[in-house]
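The values are calculated or read from the model by the stated rules, or taken from the named source; none is laboratory data. Predicted model only: the values in this text are computed from it and were never measured. Cβ placement follows ideal geometry from the backbone for every residue including glycine, while neighbour counts extend to all protein chains displayed. Keep in mind that these areas ignore ligands, DNA and RNA; they rest on the heavy atoms of the full protein, side chains included. Shrake-Rupley method; radii C 1.70, N 1.55, O 1.52, S 1.80 Å.
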Amino acid sequence: FKILRREKPEIEAVYAYADPVIRRDADGQIVLPGHVGQLYAALSSKCLGRSSARSLQIMANGCVASERSLSKIRNDERGREYAVRQLLAAGAPERETGEEPRDWIARLSHEGFLTRVRHPGNWIYSFPLTRAARRAANDLSAVPAPKRDPLITEGDVTRLRIQANLAA
């Protein structure tokens, strides 16, 4: 952070995201073990809760294919070449002769190269770097830093807090 402040003094805060979902490739190998930001919490960062839940398109290699990249391909927009190269590098089959871009993306989903997965949202952490940012961060609502459940082997690795039923 000291180097960042020295090189980019206009940056007053950093936000880090912890992706708690285990991801596997088509062979079942873990490519992302899922984490809840325990190191961020250990560095005295403030946990601000989760980002919005959403659906992700997961490629056969276990990596996310961004919706924006897929949209560029479907709609034949600028930047689509890079997005196509990413898919091909991840093992996607080539477009067939005469196949429309949107039909190719549909085929990748139908054939299982792309899999839609519901994601609960990443954990968000705030690192204020200046006094002004620290003052502003005091107004942000924080939540207790989540813990990782080492027994979870699929999905969200966040340990759920069990709350007592107070109703009598």
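Which pairs turn up if I take residues in region 148-159 that are at positive phi and look for partners that are in a strand (DSSP E or B) and open to solvent by less than 90 Å² (accessible area, probe 1.4 Å) with beta carbon separation below 7 Å, at least 6 apart in sequence or on another chain?
Listed pairs, sorted by first residue: Gly155/Val21.
Considering only region 76-93, state which residues are open to solvent by 40 Å² or more (accessible area, probe 1.4 Å) and in contact with a Leu (Cβ under 9 Å, 6 or more places away or on another chain).
Pro93
Mind telling me which of the residues Ser66, Ser44, Ser51 ends up being surrounded by fewer than 18 Cβ atoms within 10 Å (Cβ to Cβ) and touching a helix residue (DSSP H, G or I) at 6+ places or on another chain (Cβ under 9 Å)?
Of Ser66, Ser44, Ser51, the one residue that is surrounded by fewer than 18 Cβ atoms within 10 Å (Cβ to Cβ) and touching a helix residue (DSSP H, G or I) at 6+ places or on another chain (Cβ under 9 Å) is Ser66.
Among all residue pairs at least 6 apart or on different chains, which show Cβ distances below 6 Å where the first residue, located in region 86-101, is free of Cβ contacts under 8 Å to residues at least 12 places away in the same chain and the second is open to solvent by less than 70 Å² (accessible area, probe 1.4 Å)?
Hits for this filter: Arg95/Trp104.
Among the residues in region 42-55, are any over 29 Å from Arg131 (Cα atoms) and of a type in the set (Lys, Arg)?
yes
Is it the case that some residue within region 128-140 is touching a strand residue (DSSP E or B) at 6+ places or on another chain (Cβ under 7 Å), open to solvent by less than 50 Å² (accessible area, probe 1.4 Å) and assigned to a loop (DSSP other than H, G, I, E, B)?
Among the residues of region 128-140, at least one is touching a strand residue (DSSP E or B) at 6+ places or on another chain (Cβ under 7 Å), open to solvent by less than 50 Å² (accessible area, probe 1.4 Å) and assigned to a loop (DSSP other than H, G, I, E, B), which makes the answer yes.
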